[in-house]
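Scroll down for the structure; my scribbles are underneath it.
The values are calculated or read from the model by the stated rules, or taken from the named source; none is laboratory data. Note that this is a predicted model, so its numbers are computed, not measured. In this analysis, Cβ positions are derived from the backbone assuming ideal geometry, glycine residues included, and neighbour counts consider all displayed protein chains. Accessible surface is based on the protein model in full, side chains and every heavy atom, while ligands, DNA and RNA are left aside. Shrake-Rupley method; radii C 1.70, N 1.55, O 1.52, S 1.80 Å.
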Amino acid sequence: MVKKPTRVSEVDRASVLVFSYIRFSTPEQALGDSHRRQLAAAEEWCKRHGHVLDNRLKADKGLSGYHGAHRTKGALGRFLLAVEEGKVPAGSILLIENLDRLGREAPSTTLRQIIFKLWDCGIVIQCLSPEDEYGPGCDTTPKFLALLIYLQRAHDESEQKARRIAEARAQERREAREDGRVLTRQIPAWLNVTEEGKFAEIPEAVET
């Protein structure tokens, strides 16, 4: 049974729960400024609008939004489950830096598996960059078209990146076969890699 959404304007602002969802998928982002930047932006928004940030929603570190790991294995997935179980009250706000933090899967998947589930339970999605609100009922307004464009763009960017990486790895494998070059240091214990990048047997290990 679909719950009747509750608009944020109908709820006492002081009692509104605000959750910040932070996601970054690469080690470079973890070592950089991604987490601090996203958290600082969320805290600043809450301060400006008179809300208190609820810190129970943890960041998803190193989980792919393109393959959906963040919603099946990560903090976002646990948050969605809590929403569906009624543990997050209608009128609550989910803060995200931008829409691609919700996922880079096909727009239909992100809508069906994440956004519609949030809206059905009265949860408002607040985007910080650009600053815009996507709440229940948004799908009947022109704003929904902008949301679709953002989701499609995020998916296309990740799809192109995945294709380039796959092509580069395939080229590396072709060159390795032609040159006899070693691609990885993860090799059997009876082998070693020389300075020239070739396999060499370890006599005592071979005997064993």
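Listed values, structure above:
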item: Where only alpha carbons of region 77-208 are counted, the Rg and the Dmax (Å); result: 24.4, 73
item: Low-density loop cleavage sites - trypsin sites (Lys or Arg not before Pro) in region 60-143, where at most 14 other Cβ are within 10 Å (DSSP); result: Lys73, Lys87
item: Spatial separation of Cα centroids for region 64-104 and region 125-172, in angstrom; result: 15
item: Solvent-accessible area per residue for region 82-208 (1.4 angstrom probe, square angstrom); result: 59
